[in-house]
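Asks: A single structure is presented below for examination.
Taken together, the values in this text are just the output of simple stated rules run on the coordinates, not laboratory data. All of these numbers come straight from a predicted model, not from anything done at the bench. Cβ sites come from the backbone with ideal geometry, for glycine too, and all protein chains shown count toward neighbours.
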Amino acid sequence: MSETIAKKTIFSGIQPTGTFTLGNYIGAIRNWGPLQDEYNCIYSIVDMHAITVRQEPAKLRQNTLEAYALLLACGIDPKRSTAFIQSHNPNHAELSWILSCSTQFGELSRMTQFKVKSEKHSDDVNAGLFTYPVLMAADILAYNADLVPIGADQKQHLELARNIAGRFNQKYGEFFTLPEPYIPKTGARVMSLQDPTKKMSKSDENPNACIFILDDKDTIIRKFKRAVTDSEAEVCYREGKDGINNLMSIYSAVTGKSFDEITAEFAGKGYGDFKIAVGEAVADHLEPVRTGFAKLIEDKAYLKECYTAGAEAAFKMTRKTLSKVYRKVGFVDAR
Ligand code: TYM
């Protein structure tokens with residue numbers, strides 16, 4: 001008798017706040033595609049998270065469509081994965097309310113991202129920014145995801161999601177799966193090219209600090225040429241060499257070479273050669289994403305077909321979870 005083993009479930013999301021960065025790509029998205037056959041994968045453009053900071057509505061709409069096209073261009077196949085836009089599945093927001101009643105004020109106050117963003121947007125420290133991690137927990141728990149592929153900066157939010165799930169289970173009986181983070185060994189934290197002690201971020205004011213995955217080859221090489229390094233001349237991974245360590249991690253992530261191989265490759269050569277090599281490797285690696293995106297963004301009807309089907313599938317998967325949660329907390333059946 002043949003036995004079918006149920007595939008494990010993966011959930012991850014990305015905010016549509018502009019073109020994805022090399023950090024988003026290496027730390028998260030590029031790891032999503034290869035998981036599609038082995039797992040039941042669900043990927044979302046999380047537009048509801050994006051409005052926790054002020055957005056221009058027309059721009060958000062355009063960014064969301066572009067982010068969806070980019071998701072597909074990065075190798076997410078809407079036939080093999082569920083790929084959808086978060087606001088198209090209202091079950092996330094509904095579950096978020098229930099989970100917020102199992103989340104403590106104190107734990108939300110300790111979230112690094114909340115502290116950083118409330119300082120940065122001090123004129124708009126809204127409740128959504130504060131409860132953002134609860135919605136993120138709902139995204140994950142609605143699907144009872146086993147694994148969540150993310151960069152290192154989202155680890156704290158994932159730990160909170162586990163705590164919320166655990167608390168709910170304690171109150172109402174075992175129900176939610178405790179999700180595990182899936183963080184890549186190399187590239188989990190891609191740093192700014194201008195200040196390698198800070199993470200690469202699309203909101204950096206210095207345009208040379210961040211590589212966008214749709215930047216053309218010349219721009220990518222130019223930004224790498226200007227990357228801040230140190231006053232030594234040896235390409236090797238060592239504490240204190242933040243700039244070079246970052247470039248080595250990026251080069252390793254796109255070429256698959258180990259740090260020892262990279263050190264050997266550039267022995268006796270200066271940082272100048274190394275920076276150009278990193279720029280070229282990154283640009284070549286991203287070329288298929290750029291061409292794929294250019295085609296996809298022209299085909300709005302196809303994109304719509306994909307995200308509508310994705311939302312339908314996502315809704316179906318989560319409605320059952322939500323009904324069970326409603327029963328567990330003691331709500332009267334609607335029908
Ligand atoms: P977001 O949109 O800021 O980033 C998307 C993914 O990219 C990773 N990332 C990085 N990785 C390495 N180096 C960097 N410099 C870098 N910058 C960003 C992030 O870790 C993330 O994995 N809250 C999430 C979105 C979200 C989500 C979810 C993720 C909402 N719901 C549920 C997983 C599961 C966020 O703002 O990611």
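Asks: Cβ contacts < 7 Å: first residue on the phi > 0 side of the Ramachandran plot, restricted to the range 125-145; second residue more than 8 Å from the ligand (Cβ to nearest atom) and not hydrophobic (A, V, I, L, M, F, W, C), any location; separation 6+ or different chain. Result?
Replies: Asn144/Thr9; Asn144/Thr177; Asn144/Thr321
Asks: Pick out the one residue from Phe259, Phe212 that is closer than 18 Å to Ile29 by Cβ, surrounded by 16 or more Cβ atoms within 10 Å (Cβ to Cβ) and not aliphatic (A, V, I, L, M).
Replies: On inspection, the qualifying residue turns out to be Phe212.
Asks: Looking only at helices (runs of 4 or more DSSP H) that lie completely in the range 211-318, which have at least 3 residues being within 18 Å of Leu193 (Cβ to Cβ)?
Replies: Passing ranges, in order: 217-225, 242-255, 271-296.
This table checks each residue for (1) of a type outside the set (D, E, K, R); (2) touching a Pro at 6+ places or on another chain (Cβ under 9 Å); (3) surrounded by fewer than 16 Cβ atoms within 10 Å (Cβ to Cβ).
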position	(1), (2), (3)
Pro57	yes, no, yes
Leu65	yes, yes, no
Tyr68	yes, yes, no
Pro78	yes, no, no
Ser81	yes, no, no
Ser87	yes, no, no
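Asks: Follow-up. Inside the range 162-191, can you point out the residues that are near the ligand (Cβ under 8 Å from one of its atoms) and either part of a helix (DSSP H, G or I) or among the aliphatic types (A, V, I, L, M) (or both)?
Replies: Result: Ala188, Val190, Met191.
Asks: What pairs come out if I take residues in the range 12-24 that are within 16 Å of Lys199 (Cα to Cα) and pair them with residues that are near the ligand (Cβ under 6 Å from one of its atoms) and not acidic (Asp, Glu) whose C-beta lies under 6 Å away, six or more apart or interchain?
Replies: Between residues of the range 12-24 that are within 16 Å of Lys199 (Cα to Cα) and residues that are near the ligand (Cβ under 6 Å from one of its atoms) and not acidic (Asp, Glu), the close pairs are Thr21/Met200; Leu22/Val190; Gly23/Val190; Gly23/Met200.
Asks: Quick one: which helices (runs of 4 or more DSSP H) sit completely within the range 79-153 and have at least 2 residues that are closer than 23 Å to Ala314 by Cβ?
Replies: Of the helices (runs of 4 or more DSSP H) lying wholly inside the range 79-153, those with at least 2 residues that are closer than 23 Å to Ala314 by Cβ span 91-100, 127-141.
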